[in-house]
1. So how far, in whole Å, is the C-alpha centre of the stretch 53-94 from the one of the stretch 34-49?
2. Using the Karplus curve 6.51 cos²θ - 1.76 cosθ + 1.60 with θ = phi - 60°, work out ³J(HN,Hα) for each residue of the stretch 58-70 in order, rounded to whole Hz, and write x for Gly and Pro.
3. Once you've got the Cα coordinates, tell me which of K41/K73; K79/K102; K41/K102 are over 22 Å apart.
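Bear in mind that the values in this text are calculations on the coordinates, not laboratory data. Just so you know, these numbers come straight off a predicted model, no measurement behind them.
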Amino acid sequence: MGGIMHNEINFKYQEGRLSIHSDKSTGSNFWLYPPLCLTHKELQILYCILQGKSVNDIAEYRNRSSKTIWGQKKHIYLKLGIQSDVTIYRDLMQKGIILFEKQKQITIG
């Protein structure tokens, strides 16, 4: 995951923000504004979590134990004030770390 995830994050990193989810049919996008308090590894794990990956998926991808990833995830949640997996998007949106953006559709004619 190191090289692949690093490249994916760099590819999706634009203007100080990281695309989490994009829906071209509706022109909507979720943007993550990476908090400076996170290390690059923590950002990679947070990115995977926001992509819907489980702790086991992340552990397998990063070639680490699930216990290690679980501990890192817990530390990230504490740093960012995230209450649970259920509230992650709400908590991050309330803090301005994630923003939802719907692009204006221009019609000609």
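1. 10 Å
2. 5, 4, 5, 5, 8, 6, 10, 6, 4, 4, 4, 5, 4
3. In this structure, K79/K102; K41/K102 exceed 22 Å between Cα atoms.
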